[in-house]
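A.B. asks: Can you read through this structure? Questions will come right after.
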Amino acid sequence: MNKIINSTFVSVDGVVNHMDAWHFAYIDDESNEIALEQLSAATALLMGRHTYDVYAGAWPGRSGDYPDTINNMRKYVASTTLDKADWHNTTIITDLIPAAEKLKRQDDGGDILMHGFGPVARTLMRHGLLDELHLWVHPRFAGVGGPGDMLLSQGDNTALSLMATRTLGSGVVILSYQVADA
């Protein structure tokens with residue numbers, strides 16, 4: 001069975017959006033290598049509409065190992081409002097839970113990677129479909145954002161089991177958890 005793995009950047013104060021305020025100073029060769037390893041281990045990318053819009057606007061015009069990998073892999077965007085997906089190899093899914101269950105059952109030897117922790121990740125976690133969560137905790141307070149920009153959200157009460165920690169030279173700590181309810 002395939003796993004759905006979420007990999008998310010988060011500031012130390014729990015912000016997952018507004019990355020221009022806290023994230024980009026921590027990008028370096030080490031983080032790029034780890035991000036490419038995560039991407040290369042997956043056979044598909046699952047994302048929500050917001051992530052799709054950002055990625056589809058950024059990656060298709062780039063080249064190199066990471067852009068080539070992300071541009072050529074299978075991609076699924078969960079959206080009830082998107083009519084057409086122009087990014088190569090992208091499928092729109094309108095009914096998230098049955099589609100995620102089907103993707104997990106395919107067992108094609110690769111996992112499904114998600115970036116960002118928003119409504120899609122929360123829904124998958126609530127339904128026991130998110131298997132792993134990798135939090136890239138940045139050593140910086142974002143100091144911006146509201147409730148919709150936070151990792152924390154009302155009603156999330158999912159147990160996690162620590163699998164590994166990894167400290168990067170930049171001070172970013174990657175906390176890898178297995179989601180207990182998956």
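Every number in this text was worked out from the coordinates using simple rules, so none of it is lab data. Note that the structure is a prediction, hence the values are computed from the model and not measured. Glycine also receives a Cβ, built like all others from the backbone with ideal geometry; neighbour counts cover every protein chain displayed.
A.B. asks: Which one, SER40, SER170, SER11, has the greatest fluctuation when you compute a Gaussian network model over the chain with C-alpha springs under 10 angstrom?
C.D. replies: SER170
A.B. asks: Using the Kyte-Doolittle scale, which helices in the chain average at least -1.0 and also have C-alpha atoms spread 15 Å or more along the helix axis, with helices defined as whole DSSP H runs? Can you show the working numbers first?
C.D. replies: Details: long enough: 29-41 (18 Å, -0.53).
Counting only whole DSSP H runs, the qualifying helices are 29-41.
A.B. asks: What's the longest bit of the chain with no exposed trypsin sites (Lys or Arg not before Pro), using DSSP loop states and at most 14 other Cβ atoms within 10 Å as the test?
C.D. replies: Details: sites that count: ARG62, LYS84.
The longest such stretch corresponds to 85-182.
A.B. asks: Considering only DSSP beta bridges whose two residues both sit in the chain, what percent are antiparallel, to the nearest 5? Kindly include the intermediate steps, with their values, before the conclusion.
C.D. replies: Working: 14 of 38 bridges.
Of the beta bridges lying entirely in the chain, close to 35 percent run antiparallel.
A.B. asks: A follow-up question, please. For the range 1-73, what class follows from the C-alpha gyration tensor (a ≥ b ≥ c being the square roots of its eigenvalues): rounded when a/c is under 1.5, otherwise prolate if a/b is larger than b/c, else oblate? Intermediate results must be reported in sequence, preceding the final value.
C.D. replies: On the way: a/c = 1.39, a/b = 1.29, b/c = 1.08.
Taking the square roots of the gyration eigenvalues as a ≥ b ≥ c, the range 1-73 is rounded.
A.B. asks: By its C-alpha gyration tensor, with a ≥ b ≥ c as the square roots of the eigenvalues, how is the chain shaped: rounded for a/c under 1.5, else prolate for a/b larger than b/c, else oblate?
C.D. replies: On the way: a/c = 1.34, a/b = 1.15, b/c = 1.17.
Since a/c stays below 1.5, the shape of the chain is classed as rounded.
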